[in-house]
Amino acid sequence: MTLGVLAVLGMAFTMFAGFWTDWLWYRSVKYSSVFTTTLWTKIGLFFVFGLLMALAVGFNIWLAHRLRPPLSAMSMEQQSLDRYRMGIAPYKTWLLLGITALVGLIAGASASSQWRTWLMWVNGVPFHQKDPQFHLDVSFYAFDLPWYRFLLGFGFAAAILSLIAAALTHYLYGGLRITSPGARATAAATGHLSVLLGIFVALKAVAYWLDRYGLAVKSSDFKATDNWTGLRYVDANAYLPAKTILFCIAVICALLFFATLWRRTWQLPVIGFGLMVLSAILIGGLYPAIVQKFQVQPNEQAKEAPYVQKNLKATREAYGIDDTKVTDYSGTSTTKDKTKLRDGVDDAASIRILDPNIVSPTFQQLQQIRNYYAFPNNLDVDRYSKDGKEQDTVIGLRELNLNGIPKNNWINDHFRYTHGYGVVAAKGTEVQDGQPVFTESDLPSTGDLGKYKQQIYYGEKTTTYSIVGGPQQEIDYSDDSGEKTTSYKGNSGVNLANPINRAAYAVAFNEPQILYSGAIGKGSRILYNRTPKERVEAVAPWLTIDGDAYPAVVDGRIQWIVDAYTTTNGYPYASRTTLGDTTADSLTATNTNRAVVAQQNQVNYIRNSVKATVDAYTGEVKLYQWDTADPVLKTWMKAFPGTVKPKSDITPELQAHFRYPQDLFKVQRELLSRYHVTDAQTFLTGSEVWQVPDDPTNKSGNAVPPYYLSMKMPGQTSQAFSLTTTFTPNGRDNLSAFMAVDADASTSDYGKIRILKLPTSTTVDGPKQVQSKFNSEQNIAAAIKLLKGGDSDIEYGNLLTVPLDGGLLYVEPVYVRGGGLKYPLLRKVLVTYGGNTAFEDTLGQALDKVFGAESTTTPPSDTGTNPPPTSSNPTVQQALNDAQKAFDAGQEALKKGDWQAYGQAQKDLQDALKRAEDAQSKAGGTSGGGNKSSSPGPSGSPSPSSSSGSG
């Protein structure tokens, strides 16, 4: 007995621990209203619908028992059931309560999962747009119809369960007879069961009526497109009238069942039910098939065109692509002046040759500093200004890596090593000796970003819990003077001073040491749910989260910026798409963290309605209303008041780092591969269908990812931070279109999609063809073979496409990893334009060769690799010799563990490099190709901005 009681108490406390820790977490992030609203909604639905189901089933069992006939003249069949009646007689009350409780619990649990449907129905706001068939507001399909369908499904379940329960009870007590002679059912049983069947048929009538509206959001196979949604000719002219007729027949049939209360015969209702079934087969199935076969198929384009036009309009509106501007683009340049073309490159784009998806190992090697730090596999592209000029920047955070700490144990993993430290950023358009040119580097990080809170307690790689703020000091960072410690001062996390909290977390995390460890004391707080996407998804479970959260330094803080979407699959006539399939590309295939949350969701309406931020130090989550017109967001803001801040609260400094989200862009480009046309006839022929090409830089077979790039589209007056992609014709590799969207949220053109459509009469090389020519050209193939010498590997960077004077310029950086190096260095740049191809050390040299002319303008920044340092100046050579000696001394000190000598060697190295740089600039030494020359460190050494990373 004692063990049993303890087991029950243990299970009860386990359930309590999960509930209590969830409540504490929501309270700690100041979103307790989300927890309580969701909880009370679930509880309310559970009890209301659980009670309704229990009452329906229980009442019908009770009524069947009450209507039982006298058993004075029992048949043999009834005598055989007598032992069952006698067996349950003493327990019939408890049995009734048990059955009703069981069905009530199941029904309540099912209903509680519909909390989103309920909240959207009760808080729904109008779209102020009407569907073209029934002229109802879109909100009816998005918010009302799903709830009505749930109620209908619940009604069917209640009717069927009640019918089964009543029939069994009637049979057990003699109201129904199977083998006995005479009447098969008593009059009371006949009336009772007929009413239940009448209720079922009446519900079927309601289902037929709702099905009429469901045609507007019904998915079907249609050769024009996958996941077609909305009415077609056969729906409007066959299914719609058929549903109306079946509704009327079902109403009549239900009335016939109800009439058995007076007639006490099954004859008429059975005939009516048979007529309804036959009508469903003939009117609901055979007739539409005949219409499709003999009216639609012989003249399909003419019959379907009006409905396709409705689908085109609705789909473009639902995905926010209705304002897409499609412009014809020749694909070839007519300018004969090669110098003018060469000069136009710098005006057309700030070509980013630092690929954020390649250089993470380079950041790791040069800026990791300590093994317990790490960078994400894919870095991010953002914009930062220096001297009033904005430049594309590759940025990453030095996050905590528990696999790299000296010794893993519970104290080290959760108390000592708790956070990362500092931002590392590099110019996107410039490299030095193949390495990134860091604008923010070292530890603590210094550079162009100024002063900011550098500790990173919340990040993409921070997936375990930490206990901070207590008696145990945390490792902050290490420098030449040794380890620096700190104690968390933020108000994030849950206080563990309360013994109930400690016990709850010990159970929830299955870690008993939390309960009794002496390392936890006054002020100790537990931090968990620490990735930005986890936190935003938890405080706003009604949002769909973008796959790529990215960091930005804003007002002295590191903020994670997370794009979030409101979606629905109830937009009439808009075709559906599956987010997981649509947003998949070559990056998500190798990095599941980049996959969109709720990836299997099927939607036919999406808006980037919320921009969220997560503070990297405090973990504070802020949700900002971004799309002020979105009715889905307005609905959720009514359901969860106060959780989303108004758009006016976004500071200009924060908005400057907002960008157009990649997942939304990928959804839109997939839809635009078919829905860029606005004419139904063209859409039906399929002659203008495009496809997103596979990534040519690898053999994954996945779609090419979109690329951020500052560039100028035809018609624009200046460069704009953009997100770009290419299209090829369906089944072919030549280029059919180029697409870009203005990605800078601080501009008025933000979100404007532009498509350059190439002529179908001529062929322009697509990405795969360009890559093939790169690989097959004899001189390039020979050069690549040399680069692969020994154990080196070639890694192709992002293949960027830039519209230039009617033609298309392709640029691809080529990285080499090997020869003792554990990280890739940019060694070559591939460029092609107008059929001319170049493979050179620098972007400037490659452009000069492609155009056959040198630039006459001074580029805004270095856009290529630098050639080896010159030694013609003896002062420079002496400084470089000194730098090499200092570097060698530092490596020797590092091997011996002599940190004082290592620190002195690093200072000597920086001094020598500074002298080399000064001497070089005095000598006026610059390199050709339009690129500035700088003096990198000696062979194998890092640049001055990253010298301390060499260890």
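The single condition among (1) assigned to a loop (DSSP other than H, G, I, E, B); (2) modelled with pLDDT of 75 or more; (3) buried (at least 22 other Cβ atoms within 10 Å of the Cβ) that E854 does not meet is (3).
Restricting to the stretch 719-734, give me the number of residues that are of a type in the set (A, V, I, L, M) and in contact with a helix residue (DSSP H, G or I) (Cβ under 8 Å, 6 or more places away or on another chain). So that I can check it myself, show each step before the final result.
First pass over the stretch 719-734, keeping only residues of a type in the set (A, V, I, L, M): 720, 723.
Next, from what is left, pick out any that are in contact with a helix residue (DSSP H, G or I) (Cβ under 8 Å, 6 or more places away or on another chain): 723.
Residues that pass the stated criteria total 1.
Residues in the stretch 498-520 that are part of a loop (DSSP other than H, G, I, E, B), on the phi < 0 side of the Ramachandran plot and exposed (fewer than 14 other Cβ atoms within 10 Å of the Cβ): N498, P512, G518. Please work out which residue is farthest from P551 (Cα to Cα), limiting yourself to the stretch 443-475 and to residues that are hydroxyl-bearing (S, T, Y) and part of a strand (DSSP E or B). Ranking the qualifying residues of the stretch 443-475, first place goes to S466.
Being surrounded by 14 or more Cβ atoms within 10 Å (Cβ to Cβ) and among the charged types (D, E, K, R) is true for just one of K310, K293, K325, K336. Which residue is that?
K310
Of all residues being under 27 Å from the mean Cα position of the chain (by Cα) and assigned to a helix (DSSP H, G or I) in the stretch 119-139, which is surrounded by the fewest Cβ atoms within 10 Å (Cβ to Cβ)? Just the residue, please. Even if it seems obvious, please write down each step before you answer.
To start, the set of residues in the stretch 119-139 that are under 27 Å from the mean Cα position of the chain (by Cα) comprises 119-121, 123-127, 138-139.
Next, from what is left, pick out any that are assigned to a helix (DSSP H, G or I): 119-121, 123, 138-139.
Values: L119: 21, M120: 25, W121: 20, N123: 16, V138: 26, S139: 22.
If we take residues in the stretch 119-139 being under 27 Å from the mean Cα position of the chain (by Cα) and assigned to a helix (DSSP H, G or I), then N123 is surrounded by the fewest Cβ atoms within 10 Å (Cβ to Cβ).
Condition check ((1) of a type in the set (V, I, T); (2) surrounded by fewer than 20 Cβ atoms within 10 Å (Cβ to Cβ)) across all residues:
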residue	(1), (2)
T682	yes, yes
T685	yes, yes
Q691	no, yes
D695	no, no
A703	no, no
L709	no, no
K712	no, no
S722	no, no
T725	yes, no
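A Cβ distance below 9 Å, combined with a sequence gap of six or more or placement on separate chains, defines the contacts here; from the stretch 195-222, residues that are in contact (Cβ under 8 Å) with a residue 40 or more places away in the chain and crowded, with 19+ Cβ neighbours inside 10 Å reach residues that are β-branched (V, I, T) and outside any helix (DSSP H, G or I) in the pairs A216/T229; V217/T229.
Checked against the criterion of being closer than 16 Å to R530 by Cα and within 33 Å of the chain's Cα centre (by Cα), the stretch 443-455 has at least one qualifying residue. Determine, yes or no, whether I395 is in a loop (DSSP other than H, G, I, E, B), in contact with an Asp or Glu (Cβ under 7 Å, 6 or more places away or on another chain) and crowded, with 21+ Cβ neighbours inside 10 Å. Answer is no for this residue. Scoring R530 on the criteria (1) among the charged types (D, E, K, R); (2) in a helix (DSSP H, G or I); (3) touching a residue at least 40 places away in the same chain (Cβ under 8 Å) leaves a single failure, condition (2). In the stretch 480-502, the residues that are farther than 21 Å from K453 by Cβ reach residues that are part of a loop (DSSP other than H, G, I, E, B) and of a type outside the set (D, E, K, R) with C-beta atoms within less than 6 angstrom, at least six apart or across chains, in these pairs: L496/I520; L496/S524; R502/L496. Reported count of residues in the stretch 602-644, each being more than 18 Å from V29 (Cβ to Cβ), part of a strand (DSSP E or B) and either at pLDDT 95 or above or of a type in the set (F, W, Y) (or both), is 6.
Can K386 be described as in contact (Cβ under 8 Å) with a residue 40 or more places away in the chain, in contact with a strand residue (DSSP E or B) (Cβ under 9 Å, 6 or more places away or on another chain) and surrounded by fewer than 21 Cβ atoms within 10 Å (Cβ to Cβ)? Explain how you work it out, then say what you get.
Numbers: in contact (Cβ under 8 Å) with a residue 40 or more places away in the chain: yes; in contact with a strand residue (DSSP E or B) (Cβ under 9 Å, 6 or more places away or on another chain): yes; surrounded by fewer than 21 Cβ atoms within 10 Å (Cβ to Cβ): yes.
Taking the combined requirement at face value, the residue satisfies it.
Quick one: which helices (runs of 4 or more DSSP H) lie wholly within the stretch 283-390 and hold at least 1 residues that are in contact with a Phe, Trp or Tyr (Cβ under 9 Å, 6 or more places away or on another chain) and among the basic types (K, R)?
Numbers: elements: 287-291, 300-318, 338-348, 360-367.
Per the criteria, 300-318, 338-348.
The values are calculated or read from the model by the stated rules, or taken from the named source; none is laboratory data. Not measured: the values here are computed from a predicted model. Neighbour counts run over all protein chains shown; Cβ positions are idealised from the backbone, glycine included.
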